[in-house]
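The values are calculated or read from the model by the stated rules, or taken from the named source; none is laboratory data. All values derive from a computational prediction rather than experimental measurement. Cβ atoms come from the backbone with ideal geometry, glycine included; neighbour counts cover every protein chain shown.
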Amino acid sequence: MKTDNADDLSQLEQLDNTIILKVLKRRYEKDIIYTNCGDILIALNPCKELLIFGENEHNQYDWHNFSDIPAPHVFHTAARAFRRMRESQTDQVIIVTGESGAGKTESTKFMIKHFVHMCQSDNKELHEKIIKVNPLLEAFGNAKTHMNHNSSRFAKYLELSFSETWDLTGVIIRDYMLEKSRVVHRSTNEGNFHAFYSLLLGAPKETLKALSLDKPINSYRIMQSDPDSLIAEARYKEMYKEQNKVLQQIDTSPHVVDSLLAAVIHLTEIKFVESSTVAGASEILDLEPAVFVSELLSLKVEDLIEALISTKMTILGDEVRRNKGPLQAAEGRDALAKMLYERTFQWLVRQINADLHPNRRGFGQLLSTSILDIAGFEKLPVNSLEQLCINIVNERLQNFMNERLFQFEIQAYTDEGIDMMDVAFENNDVLISFLTKSKQGVLAILDEQSTLQHGSDMAFVSQLTDLYKDSSIYIPPVTNRPEFTVRHFAGKVTYNASGFLEKNRDLLNPELKDCMKSSQDEFISDLFTVKRGPTGTISATVHNYGKSIREQEAPALPAIASKRAKQLDDLRKSLAAFFKRKEQATTGVFGLQKITTNKTNKTIVSHFRSSLMQLLDKISRAEHFFVRCLKPNEDLRQRDFTDDVVTEQLKYNGISQMAKIRKMGFTYRRTHAEFVLRFSEAWPDTVPVQENQYKEAATDLLQSGNIPAELKNDFRLGKTKVFMKEPLVSWMEGVLYEV
Ligand code: ATP
Ligand code: MG
């Protein structure tokens, strides 16, 4: 592979955003998608197959065989991390970020393949499994979006463990921030999670019949917005088969998975209408889906319906039930559907971990190299709590990267024997503290407001404004809407705080959770009992659901379709009588306002803080590598490098930071000879006769060149180079111009 001096941006004499863009573009046109920036790998999405990920490259980038300096490659990053782990006996983390569609997940997969290659051992079975579980993860965690037909809707942290003999002994996957709202809501023409299509379009007819899912796919409410997926039936049949193969491999019953997905679909089919007898209460329009759900989840249908249409609360010290209107009932139903899906996903991750976990395999873990595949900085037309959370994570990751970039700069000075004491580099510590500190940080204030009875989005923003109006990183709202602007490292982002509090409080009513816990099926009840948290940490070895009673007995599919119309009719009658009794019991409590909020319910933000911050702390203790993925254009078209699109990403993913950091120090760095020859027109006396006298000449020029006093500190003389700050360069160029 050809190497030229632009392989590493940090080695360029001059560095600004225009130059970075030019270099990347020139390389991209030659199908060179990888460029180094110090330790950071810039990876452009080729948007086409390139033949650079084969056996040859695996061999070329082996960790102990760095022939010459190989051209930048994602295999090289993996090899360097592997090598550094072995040499420094420290855990390594490769942080992969970028916009949606930039190639994070593909890069992650390539690196895993390379790790597997680098530790060729007898443990072939495990190695194969590590690569094979991916389709299952993607089926449940990925979906089609405007930006990417296979977009990961969760952040993933993959920890590869190594034994004393440097064999790969296991993997633990931790998942974060699954976009569960996608189950019930998404933009037009975007898809639901692939797993739904794979079941509805890919499963055998008899399976669908047994699950009562034999209506056309687009007749289900949550499957309606993606017409494209209907044409891809063959693909989903393949996906269903492949997914089930993986499930069997990890000792998990495909039937259970199918039933859980079917429960989500039927649950979202339940419709509520205004009650004809009780004002403000709701009734279920068609009982059938509710019956299906209760069958699938082994619940009493009366309990399920009661939990859906009424809520428990404490009023004046007494626990009472209050009816929900149709809108509120529908919200609870969707919250439950989202949670059921999320729990299913997390359970599957635990199942995978149980199979791939190193301890299970009887090996002690010595060291690890992890890969983090996480969405980059986001600035959307409307930014909400999700964007705030992802940007906070990115702010922290940027902090790690800046440190790395500083180190490179510092190295460049140290190599030249220059004292670094007087070069000040800024970092984004102030921003991180503003966002995350436990007292009066943005997240802390939001949490505080969320637990207050009279807390509001506006009160949250007002409190921020009171505290930070004079700060340079916070801009108060200019309208009377609850919004605020943060000056992030990548630029200003205005957050629309409408709905922040509601999102932050866990919308799932406790009675819905209790209802799930009351399931006759231990597996379902456990699914809702396990504390929410990063899946990997609630170790699969503790909660091994794969061995639940239900699975050990390898159950037949619950034949819910066999409920006869007559049975439904009887049920309807008994339910009507049941609710009549309830209705009398709850009359008289409406309109009372003194509500005790449930403080034990964890907020989204506190969960985010504990799980993600824990991860970031873990990362901070490791050594870092960075892969910055860039897409060359918005639509992932081949051979199209759109300058604006790339420039924007360079800014958001901190590559421009490299140029910025340069600017804080001595931007000009040329050899003594280059320097002297460049300015010899203005200072002709300094040109030496002999090669080895350029250093003295440069010293003379800088000391006797009438440099104004205020610029006298703007240069350093290194062993082989002259370093100057921008103002002095301009002054010298000016002198040259006057000559
Ligand atoms: P998201 O944040 O939406 O998950 P992502 O950054 O993970 O996006 P990928 O799914 O990895 O993006 O990549 C998007 C698409 O780009 C892939 O489906 C593939 O078609 C193409 N692609 C990415 N990287 C490569 C590569 N190295 N070679 C060939 N195609 C690639
Ligand atoms: Mg992805």
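What the table shows:
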{"quantity": "Any hit, the range 370-378, residues being surrounded by fewer than 21 Cβ atoms within 10 Å (Cβ to Cβ), modelled with pLDDT under 90, part of a loop (DSSP other than H, G, I, E, B) and within 16 Å of ligand 2 (Cβ to nearest atom)", "calculated": "yes"}
{"quantity": "Filter pass, Leu267 being of a type outside the set (Phe, Trp, Tyr), under 26 Å from the mean Cα position of the chain (by Cα) and buried (at least 20 other Cβ atoms within 10 Å of the Cβ)", "calculated": "no"}
{"quantity": "Number of the exception - Tyr61 against (1) farther than 24 Å from Glu623 by Cβ; (2) away from ligand 1 (no atom under 11 Å from the Cβ); (3) modelled with pLDDT under 95", "calculated": "(1)"}
{"quantity": "Any hit, the range 320-330, residues being among the small types (Gly, Ala, Ser), touching a residue at least 24 places away in the same chain (Cβ under 8 Å) and out of contact with any helix residue (DSSP H, G or I) (no Cβ under 6 Å at 6 or more places or on another chain)", "calculated": "yes"}
{"quantity": "Selection from the range 266-315 of residues that are under 22 Å from Ala210 (Cα atoms) and touching a strand residue (DSSP E or B) at 6+ places or on another chain (Cβ under 9 Å)", "calculated": "Ile270, Ala290"}
{"quantity": "Pair list, Cβ < 6 Å and 6+ apart or interchain, from the range 380-409 residues that are closer than 24 Å to Phe625 by Cα to residues that are in a helix (DSSP H, G or I) and hydroxyl-bearing (Ser, Thr, Tyr)", "calculated": "Phe408/Ser10"}
{"quantity": "Test: Arg662 is within 46 Å of the chain's Cα centre (by Cα), assigned to a helix (DSSP H, G or I) and in contact (Cβ under 8 Å) with a residue 40 or more places away in the chain", "calculated": "yes"}
{"quantity": "Considering residues of the range 313-330 that are part of a helix (DSSP H, G or I) and surrounded by 18 or more Cβ atoms within 10 Å (Cβ to Cβ) only, the residue modelled with the lowest pLDDT", "calculated": "Gln328"}
{"quantity": "All positions within the range 88-105 that are surrounded by 18 or more Cβ atoms within 10 Å (Cβ to Cβ) and within 16 Å of ligand 2 (Cβ to nearest atom)", "calculated": "Ile94, Ile95, Val96, Thr97, Gly98, Glu99, Gly101, Ala102, Gly103, Lys104, Thr105"}
{"quantity": "Residue check for Ser100: touching a strand residue (DSSP E or B) at 6+ places or on another chain (Cβ under 8 Å) and within 11 Å of ligand 1 (Cβ to nearest atom)", "calculated": "yes"}
{"quantity": "Enumeration of residues in the range 132-168 that are within 18 Å of Thr344 (Cα to Cα) and more than 12 Å from ligand 2 (Cβ to nearest atom)", "calculated": "Val133, Pro135, Leu136, Ala139, Phe140"}
{"quantity": "Single condition Ile112 does not satisfy, out of (1) touching a helix residue (DSSP H, G or I) at 6+ places or on another chain (Cβ under 7 Å); (2) more than 16 Å from ligand 2 (Cβ to nearest atom); (3) not charged (D, E, K, R)", "calculated": "(2)"}
{"quantity": "Selected residue (criterion: surrounded by the most Cβ atoms within 10 Å (Cβ to Cβ)) from residues of the range 678-712 that are polar (S, T, N, Q) and closer than 19 Å to Leu728 by Cα", "calculated": "Thr686"}
{"quantity": "Top-ranked residue of the range 38-57 - restricted to ones that are over 25 Å from the mean Cα position of the chain (by Cα) and crowded, with 19+ Cβ neighbours inside 10 Å, ranked as nearest to ligand 1 (Cβ to nearest atom)", "calculated": "Ile52"}
{"quantity": "Which numbered condition Leu304 fails, given (1) modelled with pLDDT of 95 or more; (2) not acidic (Asp, Glu); (3) not in a helix (DSSP H, G or I)", "calculated": "(3)"}
{"quantity": "Failed criterion for Arg628 (all others in (1) modelled with pLDDT under 90; (2) closer than 20 Å to Thr97 by Cβ; (3) charged (D, E, K, R) hold)", "calculated": "(1)"}
{"quantity": "Residue in the range 112-132 that is within 16 Å of ligand 1 (Cβ to nearest atom) and touching an Asp or Glu at 6+ places or on another chain (Cβ under 7 Å) present", "calculated": "no"}
{"quantity": "Test for Lys719: is it in contact with a Gly (Cβ under 7 Å, 6 or more places away or on another chain) and assigned to a helix (DSSP H, G or I)", "calculated": "no"}
{"quantity": "Residue that is modelled with the highest pLDDT, among those in the range 177-206 that are among the small types (Gly, Ala, Ser) and not in a helix (DSSP H, G or I)", "calculated": "Ala203"}
{"quantity": "Hits in the range 152-176 - residues which are within 16 Å of ligand 1 (Cβ to nearest atom) and part of a strand (DSSP E or B)", "calculated": "Ser152, Ala155, Lys156, Tyr157, Leu158, Ile173, Asp175, Tyr176"}
{"quantity": "Residue list for the range 472-482, filter: surrounded by 15 or more Cβ atoms within 10 Å (Cβ to Cβ) and under 19 Å from Glu395 (Cβ atoms)", "calculated": "Ile473, Tyr474, Ile475"}
{"quantity": "Residue that is nearest to the chain's Cα centre (by Cα), among those in the range 1-37 that are crowded, with 20+ Cβ neighbours inside 10 Å and in a loop (DSSP other than H, G, I, E, B)", "calculated": "Ile33"}
{"quantity": "Restricting the range 58-87 to residues that are buried (at least 24 other Cβ atoms within 10 Å of the Cβ) and among the hydrophobic types (A, V, I, L, M, F, W, C), the residue that is nearest to Asn633 (Cα to Cα)", "calculated": "Val74"}
{"quantity": "Filtered residue count, the range 597-652, keeping only those that are in contact (Cβ under 8 Å) with a residue 40 or more places away in the chain, β-branched (Val, Ile, Thr), in a helix (DSSP H, G or I) and over 19 Å from Thr436 (Cα atoms)", "calculated": "2"}
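Okay, residues lined up against (1) at pLDDT 95 or above; (2) closer than 14 Å to Arg333 by Cα; (3) assigned to a helix (DSSP H, G or I):
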site	(1), (2), (3)
Asp258	yes, no, yes
Ala263	yes, yes, yes
Val278	no, no, no
Glu283	no, yes, no
Glu288	no, no, yes
Leu296	yes, no, yes
